[in-house]
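Q: Just dropping this structure here.
The values are calculated or read from the model by the stated rules, or taken from the named source; none is laboratory data. Computed from a predicted model, the values in this text were never measured in an experiment. No Cβ is skipped: glycine too gets one built from the backbone with ideal geometry, and neighbour counts run over all protein chains shown.
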Amino acid sequence: MNALLNVKTPDVGTGEQSKLPATDQTEFVTANDLIRFVPMGRGALRARMKDGTIPFIRLGERKYHFHLPSVRESLIRRQQGGAA
């Protein structure tokens, strides 16, 4: 059984904190969670997904999940001048 951990994130209008399972294996987050961790808006997130900068997994027609370590590595590579 996974315990839940309250992760303090910037308030994006909901007034709630994100609750993510407290395990190393749970490194996939939704788009709503990702924009709390990465300083960008929804439009910028969609643009980075489209240009391949931010890797994602598409589940269904409108559900996207992101592997946080992969997103971090991709953004760091881009910041250092490498390919995304």
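Q: Would you check if Gly52 is loosely packed, with under 13 Cβ neighbours inside 10 Å, part of a loop (DSSP other than H, G, I, E, B), at pLDDT 90 or above and of a type in the set (Gly, Ala, Ser)?
A: When the stated conditions are applied, Gly52 passes them.
Q: Still on this structure: Name the residue, out of Arg58, Arg36, Arg77, Arg72, that is modelled with pLDDT under 95 and touching a Phe, Trp or Tyr at 6+ places or on another chain (Cβ under 8 Å).
A: None of the other options fit; the residue is Arg58.
Q: Here's another thing I want to ask about it. Regarding region 25-47, can at least one residue be identified that is assigned to a strand (DSSP E or B) and out of contact with any Leu (no Cβ under 8 Å at 6 or more places or on another chain)?
A: yes
Q: Can you pull out the residues in region 50-84 that are under 18 Å from Thr30 (Cα atoms) and polar (S, T, N, Q)?
A: Of region 50-84, the ones under 18 Å from Thr30 (Cα atoms) are 50, 52-75.
Correct list: Thr53, Ser70, Ser74.
Q: Please enumerate the residues belonging to region 33-47 that are of a type in the set (D, E, K, R), touching a residue at least 12 places away in the same chain (Cβ under 8 Å) and either within 21 Å of Gly82 (Cβ to Cβ) or out of contact with any strand residue (DSSP E or B) (no Cβ under 8 Å at 6 or more places or on another chain) (or both).
A: Let us first name the residues in region 33-47 that are of a type in the set (D, E, K, R), namely 33, 36, 42, 46.
Going one step further and asking which of them are touching a residue at least 12 places away in the same chain (Cβ under 8 Å), we end up with 33, 36.
Once the filter is applied, which keeps residues that are of a type in the set (D, E, K, R), touching a residue at least 12 places away in the same chain (Cβ under 8 Å) and either within 21 Å of Gly82 (Cβ to Cβ) or out of contact with any strand residue (DSSP E or B) (no Cβ under 8 Å at 6 or more places or on another chain) (or both), region 33-47 yields nothing.
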